[in-house]
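**Q** One structure is given below, represented as structure tokens, and several questions about it will come after.
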Amino acid sequence: MKAQSKLGVFVLAASLMTGCNVYIDVPVAVGPSPTEAPPVAEPTPVAATPIVTTLPTIVIDPTEPVVSVPTTMSVNLQWTPPNQREDGTLLTESELSLYEIRYRAEGEETFEVVQVDAANTSLPITDLPIASYEFQIAAIDNDGLYSDFVSATQQ
């Protein structure tokens, strides 16, 4: 595929492969708008040697397509606040302090740990290397008592 600029007009000649999208954004100056009168210029002397400007050319070989493979992923965890303690007594939202979320890639020994304020009931985790992950969450009350960790399930 060749793309080049000729006299202020951008020309793109290509034969694209199926499923291949190519976007080229090139600013083009085409002169004054039709409502403006062209400026009157004073005659200028012509140089004895002409100035030659080489126009840029972009060449993309369609036999070697460029494929972009994602290397990271994002996950959005969501949960419902607990309403009772492990012993069955009532637990109000005002008694919750934090949530602790821990996660690890399959086969890893250690967890990454994130704590969020109890006012939150979701957590986006971005830029994870592509893998299978285990996610767990526990609630922490105002006295620092942890609930058991609960494994997240995919919906």
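The values are calculated or read from the model by the stated rules, or taken from the named source; none is laboratory data. No experiment lies behind these values; they were computed from the predicted model shown. All Cβ positions, glycine included, derive from the backbone under ideal geometry; neighbour counts span all protein chains shown.
**Q** Looking only at the stretch 121-155, which residues are surrounded by 14 or more Cβ atoms within 10 Å (Cβ to Cβ), within 27 Å of the chain's Cα centre (by Cα) and not in a strand (DSSP E or B)?
**A** Within the stretch 121-155, Ala152 is the sole residue that qualifies.
**Q** Have a look at Ser122, Ser147 and point out the one that is touching a strand residue (DSSP E or B) at 6+ places or on another chain (Cβ under 6 Å), among the small types (Gly, Ala, Ser) and touching a residue at least 60 places away in the same chain (Cβ under 8 Å).
**A** On the way: Ser122 fails: touching a residue at least 60 places away in the same chain (Cβ under 8 Å).
The match here is Ser147.
**Q** Checking the condition under 18 Å from Asn76 (Cα atoms) and charged (D, E, K, R), which residue from Glu108, Glu100, Glu95 passes? It would help to see each step written out before you state the result.
**A** Details: Glu108 fails: under 18 Å from Asn76 (Cα atoms); Glu95 fails: under 18 Å from Asn76 (Cα atoms).
Being under 18 Å from Asn76 (Cα atoms) and charged (D, E, K, R) holds for just one of Glu108, Glu100, Glu95, which is Glu100.
**Q** Take the residues in the stretch 69-114 that are free of Cβ contacts under 8 Å to residues at least 24 places away in the same chain and under 27 Å from Leu128 (Cβ atoms), then tell me which one is nearest to the chain's Cα centre (by Cα).
**A** Ranking the candidates gives Val69 first.
**Q** Residues to consider are Gln78, Gln115; find the one that is out of contact with any helix residue (DSSP H, G or I) (no Cβ under 8 Å at 6 or more places or on another chain), over 17 Å from Ser151 (Cβ atoms) and not charged (D, E, K, R). Break it down into steps so the answer makes sense when it comes.
**A** Numbers: Gln78 fails: over 17 Å from Ser151 (Cβ atoms).
Residue meeting the stated conditions: Gln115.
**Q** Okay, moving on. Could you check, for the stretch 28-50, whether at least one of its residues is of a type outside the set (A, V, I, L, M, F, W, C), surrounded by 10 or more Cβ atoms within 10 Å (Cβ to Cβ), at pLDDT 60 or above and more than 33 Å from the chain's Cα centre (by Cα)?
**A** No, the stretch 28-50 has no match at all.
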